[in-house]
Amino acid sequence: MAELTGRHTGYSKGKGGSMHMFSEEKKFYGGHGIVGAQIPLGTGLAFSNKYRGNDAVTLTYFGDGAANQGQVYESFNMAELWKLPVVYIIENNQYAMGTSVERSSAQVEFFKRGSSFNIPGHQVDGMDVEAVHAAGREAIEWCRSGKGPIILEMKTYRYRGHSMSDPAKYRTREEVQGVREKRDPIDHLGQKLVAQGLATEDDLKAIDKDIRAVVNTSAEFATESPEPDASELYTDVLA
Ligand SMILES: Cc1ncc(C[n+]2csc(CCOP(=O)(O)OP(=O)(O)O)c2C)c(N)n1
Ligand SMILES: [Mg+2]
């Protein structure tokens, strides 16, 4: 994929073959093997943007499992104290590794997680593309107007297991199938576009085909790229 081959772009293979991406050029600061490590990083980026006085807003994504990490709350405190322009987007997909939110979280309404820091939060239907777009836009405006951080809890669902070796004993096949059939966000948007005469079934099939090609090419690029040289081991390691 041409746009992922820039100088600052890197893929690294994590345990179990998962891929971590990073692109300074695209302002995409990566996925991380350490659950929750991106949260103080996103907060730091927001600090940097505030310090520089630009109007950039940082979007920091993390899961329901990561939301129980201690560093989340250290980040929340500083973000509100310094009114940093950061949107914390909690993707509540109901599962963290092999555990459901009910089994692992004392407070399952994640949009409330910032309340003791005075950070407002909204719950959003993460399976509704238009709702996600509208909430994202409002949250960015909130940050740009200098009001500090905000939390968006995206209620969604994790179709896949944690890894290829996840036997998914913690839920039934019917549960997964039910969500696919009734709540799939791509299907819903497609049906809406067709119903409103904005696209035909054939248009949607063509989009699907194009996207499959992009994903396949990206996966090939990732798996066929050479492993980094051992000399890269200490590149950008500062401490
Ligand atoms: C600090 C740390 N603890 C534990 C793990 C193992 N681990 C990998 S993913 C995961 C669960 C993450 O849950 P969530 O944030 O909900 O992400 P999802 O599984 O939905 O993608 C855990 C505990 C890890 N990678 N890092
Ligand atoms: Mg999760």
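The values are calculated or read from the model by the stated rules, or taken from the named source; none is laboratory data. Fair warning: this is a prediction, and the values are worked out from it, not measured in the lab. All Cβ positions, even for glycine, are placed from backbone atoms using ideal geometry, and neighbour counts span all protein chains on display.
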Collect the residues in region 156-174 that are of a type in the set (Asp, Glu) and part of a loop (DSSP other than H, G, I, E, B), keeping them in residue-number order.
-> ASP166
Of (1) among the basic types (Lys, Arg); (2) in contact (Cβ under 8 Å) with a residue 24 or more places away in the chain; (3) surrounded by 14 or more Cβ atoms within 10 Å (Cβ to Cβ), LYS169 satisfies every one except (3)
Out of region 103-127, which residues are touching a Lys or Arg at 6+ places or on another chain (Cβ under 9 Å) and part of a loop (DSSP other than H, G, I, E, B)?
-> GLN107, ILE119, PRO120, GLY126, MET127
Selection from region 214-239 of residues among the aliphatic types (A, V, I, L, M) and exposed (fewer than 10 other Cβ atoms within 10 Å of the Cβ) yields ALA230, LEU233, VAL237, LEU238, ALA239
Write out, first by first residue and then by second, each pair whose Cβ atoms fall under 6 Å of each other, whose residues are 6+ apart or on separate chains, and whose first residue, in region 39-64, is closer than 15 Å to TRP82 by Cα while the second is within 16 Å of ligand 1 (Cβ to nearest atom).
-> PRO40/GLN71; PRO40/SER75; GLY42/THR60; THR43/SER75; THR58/GLY42
Index of the failed condition, ALA131 passing every other in (1) free of Cβ contacts under 8 Å to residues at least 12 places away in the same chain; (2) surrounded by 15 or more Cβ atoms within 10 Å (Cβ to Cβ); (3) within 15 Å of ligand 2 (Cβ to nearest atom) | (3)
Counting just the residues of region 22-36 that are small (Gly, Ala, Ser) and buried (at least 16 other Cβ atoms within 10 Å of the Cβ), which one comes out modelled with the highest pLDDT?
-> GLY36
How about region 64-119: which of its residues are among the β-branched types (Val, Ile, Thr) and either crowded, with 17+ Cβ neighbours inside 10 Å or more than 16 Å from ligand 2 (Cβ to nearest atom) (or both)?
-> VAL72, VAL86, VAL87, ILE89, ILE90, VAL101, ILE119
Selected residue [of a type in the set (A, V, I, L, M), more than 16 Å from ligand 1 (Cβ to nearest atom) and surrounded by 13 or more Cβ atoms within 10 Å (Cβ to Cβ)] from ILE140, ILE151 | ILE140
